[in-house]
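Novice: Below you'll find the structure I mean.
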Amino acid sequence: MIKRDVFNNGLCLLTESMPDVRSVSLGAWLARGSRHEGAAAGIAHFTEHMLFKGTTSRSAEDIAQQADSIGGQLNAFTAKECASYYIKVLDEHLSRAVDLVSDLLRSPAFHDDDVGREKKVILEEIKMGEDIPDELVHELFAESFWPKHPLGRSIAGSPESVSSITSASLRIFFERTYVADNLVVAAAGNLEHAAVRDLIEQSFGDLPSRAELIDQAPPITQPRLMVRTKDIEQSHLCLGTPGYSQTHEDRYPSYVLNTVLGGSMSSRLFQNIREKRGLAYAVSSSLESYRDVGALTIYAGCAATEVSEVIDLVVAELRDLKARSIPAEELQRAKDISKANLVFGLESTASRMSQLARSELYFGRQIDLSEDLARLDSGNAD
């Protein structure tokens, strides 16, 4: 059963009881990501790193040891429209997990020495991304697809922008952003809602509420070609077209269409480019969906001499999808794959916790699994 509470300061709590498990996954989700950081590219991601470097009462080593002492799996990530700090523990350790996560989000130290060291770590992280071509090409695609817009920037920022970030600017960003009405706390597992509510109220009930309204225009997409020359063994390419936002009514048919195109081993791109012609080891399509825009992206890694043929084959598949209806058997197979992926992805406490938070952030309500499955099933060949 899913339960929801909103505290006086605007913080939203969601829980889902799963009495047949012995774990609890807890996450504090911030409704702000790299899209919302303004000109200081990378500061949202930098802030996430710094919250693990120590608080006013715990050192970085204390944080690591105390998470390990309860068998906790503690981690975080920054995305373009949110950030999440999450932990999975045995149900008996939930109160200690809440105490640890709340300390990270309430009392980060931002010591100058720690900021200097972590800046070097992030600069190395950026360099590492330059050396992973299949990741780099997706970054370049976003930069070309949404030029001069935060959605087109790397979440980590650039070497120049990261180098300019200071402990003072981090604290300003933190105090402006990490406020109650930007937070959703979600928990799933062997829990009682009332007990979790009491823990969250004790830890976050006095957190200030002063979220700033952000009126950000969606990015404009224009046809564009970007080529980066790099001394590596393969050529890596991305082709893309505008897709649907997280809340668009046609997003469900697009999930099925993506499965037909390049979302599975039986997909058209995988079969025609890899299996029948041997032109690529990795070839796939994927969807990126944000609050107001989206993209369908096709990726392949192939020999430089095969790039033109691969592009021609991809374009031919796109034209065929536009010109002809998908055969009934292929459509049903794609629906079954899409439904299975959805169900399989919700069989752990961590995934259920994530689903609770994402539904609240994007829809303001919980979307039942049966509703998702029915809408995936409802699409037709046209």
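The values are calculated or read from the model by the stated rules, or taken from the named source; none is laboratory data. Values in this document were obtained by computation on a predicted structure and should not be read as measured data. We place every Cβ from the backbone using ideal geometry, glycine too, and count neighbours over all the protein chains shown.
Novice: Would you tally the residues in the stretch 148-168 being in a loop (DSSP other than H, G, I, E, B) and over 20 Å from the mean Cα position of the chain (by Cα)?
Specialist: Taking the stretch 148-168 as the starting set, the residues that turn out to be in a loop (DSSP other than H, G, I, E, B) are 148-149, 153-158, 164-166.
Next, only the ones that are over 20 Å from the mean Cα position of the chain (by Cα) stay: 148, 164-166.
Count: 4.
Novice: Across the stretch 359-371, which residue is nearest to Ala76 (Cα to Cα) among those that are in contact with a strand residue (DSSP E or B) (Cβ under 8 Å, 6 or more places away or on another chain) and of a type outside the set (A, V, I, L, M)? Outline the logic, then answer.
Specialist: Quick first cut of the stretch 359-371, residues in contact with a strand residue (DSSP E or B) (Cβ under 8 Å, 6 or more places away or on another chain) only: 360-361, 366.
Checking the rest, the ones that are also of a type outside the set (A, V, I, L, M) come to 360, 366.
Values: Glu360: 19, Gln366: 23 Å.
Checking each candidate, the answer is Glu360.
Novice: One residue is enough: does the stretch 221-243 have a residue meeting the conditions assigned to a loop (DSSP other than H, G, I, E, B), under 22 Å from Phe363 (Cα atoms) and modelled with pLDDT under 95?
Specialist: Step one: list which residues in the stretch 221-243 are assigned to a loop (DSSP other than H, G, I, E, B), which gives 221-234.
Right, trim to under 22 Å from Phe363 (Cα atoms) and you get none.
Looking for residues that are assigned to a loop (DSSP other than H, G, I, E, B), under 22 Å from Phe363 (Cα atoms) and modelled with pLDDT under 95, one finds none in the stretch 221-243, hence no.
Novice: Quick one: Gly38 ticks every box in (1) within 21 Å of Arg291 (Cα to Cα); (2) out of contact with any strand residue (DSSP E or B) (no Cβ under 8 Å at 6 or more places or on another chain); (3) crowded, with 20+ Cβ neighbours inside 10 Å bar one, so which box is it?
Specialist: (3)
Novice: Could you run through the stretch 347-369 and say how many residues are modelled with pLDDT under 95 and not acidic (Asp, Glu)?
Specialist: 2
Novice: Something else now. From the list Glu81, Glu48, which residue is within 17 Å of the chain's Cα centre (by Cα), free of Cβ contacts under 8 Å to residues at least 40 places away in the same chain and outside any strand (DSSP E or B)?
Specialist: On the way: Glu81 fails: free of Cβ contacts under 8 Å to residues at least 40 places away in the same chain.
From the options Glu81, Glu48, the qualifying one is Glu48.
Novice: Looking for whichever is under 18 Å from Ala194 (Cα atoms), in contact with a strand residue (DSSP E or B) (Cβ under 6 Å, 6 or more places away or on another chain), surrounded by 21 or more Cβ atoms within 10 Å (Cβ to Cβ) and modelled with pLDDT of 95 or more here; the options are Leu11, Leu51. Which one fits?
Specialist: Details: Leu51 fails: under 18 Å from Ala194 (Cα atoms).
Leu11 is the lone residue from the list that is under 18 Å from Ala194 (Cα atoms), in contact with a strand residue (DSSP E or B) (Cβ under 6 Å, 6 or more places away or on another chain), surrounded by 21 or more Cβ atoms within 10 Å (Cβ to Cβ) and modelled with pLDDT of 95 or more.
Yes/no matrix, rows are residues, columns are (1) over 16 Å from Pro219 (Cβ atoms); (2) touching a residue at least 12 places away in the same chain (Cβ under 8 Å); (3) surrounded by fewer than 20 Cβ atoms within 10 Å (Cβ to Cβ):
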position: Gly116; (1), (2), (3): yes, no, yes
position: Val121; (1), (2), (3): yes, yes, yes
position: Gly129; (1), (2), (3): yes, yes, yes
position: Ile132; (1), (2), (3): yes, no, yes
position: Leu140; (1), (2), (3): no, yes, yes
position: Pro147; (1), (2), (3): no, yes, yes
position: Pro159; (1), (2), (3): yes, yes, yes
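Novice: If I ask for residues that are hydrophobic (A, V, I, L, M, F, W, C) and surrounded by 22 or more Cβ atoms within 10 Å (Cβ to Cβ), which ones from the stretch 185-198 would you list? Outline the logic, then answer.
Specialist: Pass one, the stretch 185-198, residues hydrophobic (A, V, I, L, M, F, W, C): 185-188, 191, 194-196.
Val185, Ala186, Ala187, Ala188, Leu191, Val196, listed by residue number.
Novice: Sort out which residues of the stretch 285-305 are small (Gly, Ala, Ser) and under 19 Å from Ser144 (Cβ atoms), and write them in order of number. Before the answer, list the steps.
Specialist: Pass one, the stretch 285-305, residues small (Gly, Ala, Ser): 285-286, 289, 294-295, 300-301, 303-304.
Result: Ser285, Ser286, Ser289, Gly294, Ala295, Ala300, Gly301.
Novice: Of Leu123, Leu207, which residue is in contact with a helix residue (DSSP H, G or I) (Cβ under 8 Å, 6 or more places away or on another chain) and assigned to a helix (DSSP H, G or I)? Give the steps one after another, and end with the answer.
Specialist: On the way: Leu207 fails: assigned to a helix (DSSP H, G or I).
None of the other options fit; the residue is Leu123.
Novice: Please work out which one of (1) farther than 15 Å from Gly42 by Cα; (2) among the small types (Gly, Ala, Ser); (3) more than 23 Å from the chain's Cα centre (by Cα) is the condition Ala187 fails and give its number.
Specialist: Ala187 satisfies every listed condition except (3).
Novice: Please note which helices (runs of 4 or more DSSP H) are completely contained in the stretch 302-382 and include at least 2 residues that are over 26 Å from Ala31 (Cα atoms), free of Cβ contacts under 8 Å to residues at least 60 places away in the same chain and more than 29 Å from the chain's Cα centre (by Cα). Can you show your working first?
Specialist: Working: elements: 307-323, 328-344, 349-363, 369-378.
It comes to 307-323, 328-344.
Novice: Please go through the stretch 67-94 and pick out each residue that is surrounded by fewer than 17 Cβ atoms within 10 Å (Cβ to Cβ), closer than 25 Å to Thr47 by Cβ and in contact with a strand residue (DSSP E or B) (Cβ under 8 Å, 6 or more places away or on another chain).
Specialist: Gln73, Asn75, Phe77 - these are the residues of the stretch 67-94 that are surrounded by fewer than 17 Cβ atoms within 10 Å (Cβ to Cβ), closer than 25 Å to Thr47 by Cβ and in contact with a strand residue (DSSP E or B) (Cβ under 8 Å, 6 or more places away or on another chain).
Novice: If you don't mind, another one. Would you mention how many residues in the stretch 212-233 are among the aliphatic types (A, V, I, L, M), over 30 Å from Glu306 (Cα atoms) and in contact with a Leu (Cβ under 7 Å, 6 or more places away or on another chain)?
Specialist: From the stretch 212-233, those among the aliphatic types (A, V, I, L, M) are 213-214, 217, 220, 225-227, 232; that's our starting set.
Going one step further and asking which of them are over 30 Å from Glu306 (Cα atoms), we end up with 213-214, 217, 220.
Narrowing the set further to residues that are in contact with a Leu (Cβ under 7 Å, 6 or more places away or on another chain) leaves none.
Number of matching residues: 0.
Novice: If Ala328 passes every condition in (1) touching a strand residue (DSSP E or B) at 6+ places or on another chain (Cβ under 7 Å); (2) exposed (fewer than 12 other Cβ atoms within 10 Å of the Cβ); (3) of a type in the set (A, V, I, L, M, F, W, C) but one, which one does it miss?
Specialist: For Ala328, the failing item is (1).
Novice: Could you please let me know if Glu16 is of a type in the set (Asp, Glu), over 25 Å from Arg4 (Cβ atoms) and either at pLDDT 95 or above or not in a helix (DSSP H, G or I) (or both)? Even if it seems obvious, please write down each step before you answer.
Specialist: Working: of a type in the set (Asp, Glu): yes; over 25 Å from Arg4 (Cβ atoms): no; either at pLDDT 95 or above or not in a helix (DSSP H, G or I) (or both): yes.
It is false that Glu16 is of a type in the set (Asp, Glu), over 25 Å from Arg4 (Cβ atoms) and either at pLDDT 95 or above or not in a helix (DSSP H, G or I) (or both).
Novice: Here's something else I'd like to know. If Leu104 meets every condition in (1) surrounded by fewer than 17 Cβ atoms within 10 Å (Cβ to Cβ); (2) of a type outside the set (Asp, Glu); (3) within 21 Å of the chain's Cα centre (by Cα); (4) part of a helix (DSSP H, G or I) apart from one, which number is that one?
Specialist: (1)
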